[in-house]
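Throughout, read-outs are computed from the coordinates displayed, never taken from laboratory work. Values in this document were obtained by computation on a predicted structure and should not be read as measured data. No Cβ is skipped: glycine too gets one built from the backbone with ideal geometry, and neighbour counts run over all protein chains shown.
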Amino acid sequence: MKQFFKFMFASMTGFLLVLIIFFFITMGMIMSLATLTKKEVVIVPKNTVLHLIFNQEIPDRSSNNPFENFNFSTMKSNESPGLNDILEGIRKAKTDENIKGIYLDLSTVPAGIATIDEIRNALLDFKSSGKFIISYGEDYSQKAYYLATVADKIYLNPTGLINLRGVNGQIMFFKGLLEKLDVNVQIIRHGKFKSAVEPFMYDKMSEANKLQTLKYITSIWDHWLDGISSGRKISKNDLNAIADELKVRTAEDAVKYKLADKLMYKDEILANCADCLA
């Protein structure tokens with residue numbers, strides 16, 4: 001009987017210890033989440049320059065679920081701002097008297113074309129307030145450079161490069177693989193431009209698919225050229241020549257062909273930001 005009570009009290013003690021540990025872990029999580037969900041009051045000092053850097057994927061809208069991006073190993077949130085947050089921040093900066101301008105810190109922008117266009121349009125609206133925008137990049141990808149051309153001045157690292165070479169499209173075909181696997185695909189379609197199933201039917205693009213792909217790729221490139229040409233005061237013909245002939249092979253070439261204004265290191269930009277437009 002003594003052994004029975006001994007084991008019973010030992011089990012109860014162990015159970016209580018587990019409950020206590022679980023209680024403290026739960027309280028820690030609740031306190032961490034309460035800190036994350038608490039809205040921080042930001043006081044912007046005078047003569048502030050808003051620093052925008054896009055080094056994470058940009059979702060259309062940030063999640064309201066505190067657990068979605070919570071890292072339980074570090075007890076911290078990995079949440080990145082959504083497009084709605086970025087646009088709202090730029091709109092507020094436009095009317096904030098304490099913000100003098102915007103500093104774009106760009107190299108790559110891990111976002112789609114439509115997202116970049118939304119941000120670029122918001123920055124154009126910001127410029128209507130008379131405030132400045134400057135841009136700096138170690139290397140500008142094509143999408144990053146398109147966004148950068150909204151700036152009054154574009155600065156490039158002396159060892160960097162601007163990638164401007166046009167837009168292309170690629171399609172992977174599975175017909176040969178399916179034949180080797182002896183897989184028979186049943187397809188029902190009507191019309192020449194129903195090309196979604198072509199990878200399972202052909203081993204190359206149909207003429208109709210080539211035509212429609214070329215149309216939308218050309219429209220994207222023309223749209224980018226319009227924006228770059230307007231921002232940099234370079235004709236579309238000259239921009240096409242730069243892309244077709246790969247004229248920009250060094251940072252010096254970027255300045256030579258007026259894609260960038262000056263070669264500077266990042267610490268020089270941060271030290272002289274007030275004089276960047278001089």
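Put simply, the amide H of LYS153, placed in the peptide plane, has neighbours under 5 Å in ILE133, SER135, leaving out anything fewer than 5 places away on its chain.
The stretch 189-242 and the stretch 135-184 have Cα centres separated by 14 Å. Size descriptors for the stretch 95-153 (Cα atoms only): Rg and Dmax, in that order, 11.4, 33 Å. Semi-axes of the equivalent ellipsoid for the stretch 104-225, computed as √(5λ) from the eigenvalues of its C-alpha gyration tensor and ordered from largest down, come to 41, 17, 11 Å.
Taken over the Cα atoms of the stretch 169-246, the convex hull encloses 114 Å³ per residue.
Our estimate of slack between ASN98 and LYS215, defined as 0.36 nm per intervening residue step minus the Cα-Cα distance, is 37.6 nm. With a simple spin-label model that places each label point 7 Å from the Cα along the Cα-to-Cβ direction, the separation between LYS192 and GLN56 comes to 4.8 nm. Taking all Cα pairs closer than 8 Å and separated by 6 or more residues, the relative contact order of the stretch 169-246 comes to 26 percent.
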